[in-house]
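Down below is the structure, laid out as structure tokens.
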Amino acid sequence: MLVRCVVILLVASAVLAGVARQDRVLDPKLSDKEPGSPEYDHEAFLGKDQAEELDELPEEESKRRLGIIVDQVDRNRNGQVTETELLEWIKFTQKRYVDEDAEKQFKIYDKNNDNMIHWDEYKVTTFGFLEDDQEHVNGEDSESYRKMTERDHRRFRAADVDKDDRCTKEEFKAFLHPEEFEHMRDLVARETLEDIDKNKDGFVDVNEYIGDMRRDDDEKENLEWVVHEEEQFKDFRDKNGDGKMDVTEIKDWILPADYDHASAEAKHLLYTADDDKDGELSKEEIINHHDTFVGSQATDWGEALKRHQEF
């Protein structure tokens, strides 16, 4: 039990300390892969796999299954896929990941099966063993535990729209994925500020910003990215030019409203595969560019391929 307690608190310390720079922006990219790469396109088009990886597929089988997916993307069944239909499909696959994750987590926490998650249910399931092992937790770890519970309870209350101290499935989805819900986004910005604001003055200065962006594998002598990020901070993050970011500026940074990843990806896929330049994609064009859409094998990006009974 003590080992488990220590492990959880170590993880919690990492969470409270912040995350690597590529993970801060919460208007999420459609994939963790490099934008513009085939791997990014695959995950954007098919969605991230939430089950076991599929075995590798021969090219012809990959194309056959892609053809079935195209029929699903082509909402009006006219044999042509428009940019709008691509956009709707990409948004659908991204929403599906959030919905399925929330559904899975809900079943774990709804201990009394009343189709609600009460705060006490969540607290006991998440932190109960820590309370039982308080004699093994030192002062520093106890403070981390206190911060974790307070932070989770604050987020739980924000997600609990009707303020009955329990969450429906939709409310719990907002608790798990607050960046997806407009009424939770101010809280996400506040949590990010608390993570990065090391001197606790209520702002993020350039040194705190750079410190948060630094990864373990960054070489100290490689300062190119530091110079770049300092310029980003000055030119784009610190909008009022006072040398620091407040919570509103942080929200603009991590939840940008001026760029839509799904729309950009739909345009990219259309541009890549539209061989006859008519502004739409035929099934033949998509299958001819199967490497862009699904590749010749289905691995962690292949969830959509295994959802169709007709396969």
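Details
- In sequence order, the range 97-103 has phi-based couplings of 4, 5, 4, 6, 5, 4, 4 Hz under the Karplus curve 6.51 cos²θ - 1.76 cosθ + 1.60, θ = phi - 60°, and Gly or Pro positions carry x.
- Relative packing of peptides 204-210, 144-150 - highest average C-beta neighbours within 10 Å first: 204-210, 144-150
- Neighbourhood charge, 10 Å Cβ-Cβ cut-off, centred on F181 and excluding it, Lys, Arg +1 and Asp, Glu -1: -3
- For the range 134-214, the solvent-accessible area works out to 51 Å² per residue, with a probe of 1.4 Å and every protein chain left in place.
- Mean Cβ neighbour count within 10 Å, used as a protection proxy, ranking 258-264, 223-229 highest first: 258-264, 223-229
- For the range 241-284, the Kirkwood hydrodynamic radius from C-alpha pairs, put into Stokes-Einstein at 37 °C and a viscosity of 0.692 mPa s, yields a diffusion coefficient of 245 µm² per second.
- Backbone amide hydrogens, once placed in the peptide plane, bring H118 within less than 5 Å of C167, excluding anything fewer than 5 places away on its chain.
- Charge sum, other residues only, whose C-beta stays under 15 Å from D165's C-beta, Lys/Arg counted +1 and Asp/Glu -1: -3
- Rounded if a/c under 1.5, otherwise prolate or oblate - the range 160-277, Cα gyration tensor axes: oblate
The values are calculated or read from the model by the stated rules, or taken from the named source; none is laboratory data. Owing to the predicted nature of the structure, the values given are computational and were not obtained by experimental measurement. With ideal geometry, Cβ positions are generated from the backbone for all residues, glycine too; neighbour counts draw on all protein chains shown. Calculation scope for accessible area: heavy atoms of the full protein, side chains included, ligands and nucleic acids excluded. Shrake-Rupley method; radii C 1.70, N 1.55, O 1.52, S 1.80 Å.
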